[in-house]
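Chemist: Please find one structure pasted underneath; my questions will follow.
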């Protein structure tokens, strides 16, 4: 049993991404301090454990617990990781128990997309919404399904793995999965196609060019939004949500939502005679961007151990 008098201190929150680890201390008012970014510890379990331990040692006199957001199929109640496509050395291990050997304080673990969803459900654009979907557009496509105000994880803790949705039934490979269409590399490939180049572009560069009137890039973003609208329509047909929140770096771009809304209006209008009960959801940007996973991981911690 963890000491109750410690559970009101700051929490060390960790967001393990594909290329970087973001960290911050959060207090009971959800205020951030001591935030920073480090290279993702991807070489193996030893480096990963040492990374967490070093941050614990640095802040142990200020913190009462550690809250982790991690990409992977995992059980957030027990801290058990079935697998992680990003940290491939994690397979069928109890990560919380391993970390507790060197960090003897309460530790919680949550899926990264679910962490972003918890941030929006409790502090952001999904407050008071009982049926929703969160779509995170990054290098892959993260997702969360919210049903009756609860995150639906599925029988095997792998619900809402939107990246793997097929976009073409004629191919068994990975070239026709949703992540290839609407992941960040998918957008870059569209820009390369329309501009006739093999130059690599970041999401920020792409939208800067589009906002400056580059017609080739605008055409690429337009096609990207058309693909995205089709999948949102499919998800709405299945789950009948009130609201769909879109996160990830490019979700801060107004042009994305302008074009997306045009395609959604067109799709729902065309399909209305055949799907009278399929209501167009409210599609909005996530309130929290870079800090969503940290804030959601924090909420998961306090929901288990208290501290609010």
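Chemist: Picking from 216, 240, which residue would you name as being assigned by the TED database to the domain that holds residue 282, over 16 Å from residue 135 (Cα atoms) and surrounded by fewer than 19 Cβ atoms within 10 Å (Cβ to Cβ)?
Modeler: 216
Chemist: Can you pull out the strands (runs of 3 or more DSSP E) entirely within region 1-110 that have at least 3 residues that are not assigned by the TED database to the domain that holds residue 297?
Modeler: Counting at least 3 such residues, we get no strands (runs of 3 or more DSSP E) at all.
Chemist: Of all residues in region 292-308, how many are in a loop (DSSP other than H, G, I, E, B) and surrounded by fewer than 20 Cβ atoms within 10 Å (Cβ to Cβ)?
Modeler: The number of residues fulfilling the criteria is 2.
Chemist: Please return the ranges of helices (runs of 4 or more DSSP H) entirely within region 148-212 where 2 or more residues are under 18 Å from the mean Cα position of the chain (by Cα), outside the structural domain of residue 85 (by the TED database) and surrounded by 19 or more Cβ atoms within 10 Å (Cβ to Cβ).
Modeler: Of the helices (runs of 4 or more DSSP H) lying wholly inside region 148-212, those with at least 2 residues that are under 18 Å from the mean Cα position of the chain (by Cα), outside the structural domain of residue 85 (by the TED database) and surrounded by 19 or more Cβ atoms within 10 Å (Cβ to Cβ) span 178-182, 184-195.
The values are calculated or read from the model by the stated rules, or taken from the named source; none is laboratory data. If you're wondering where the values come from, they're calculated on a predicted model, not measured in any experiment. All Cβ positions, even for glycine, are placed from backbone atoms using ideal geometry, and neighbour counts span all protein chains on display.
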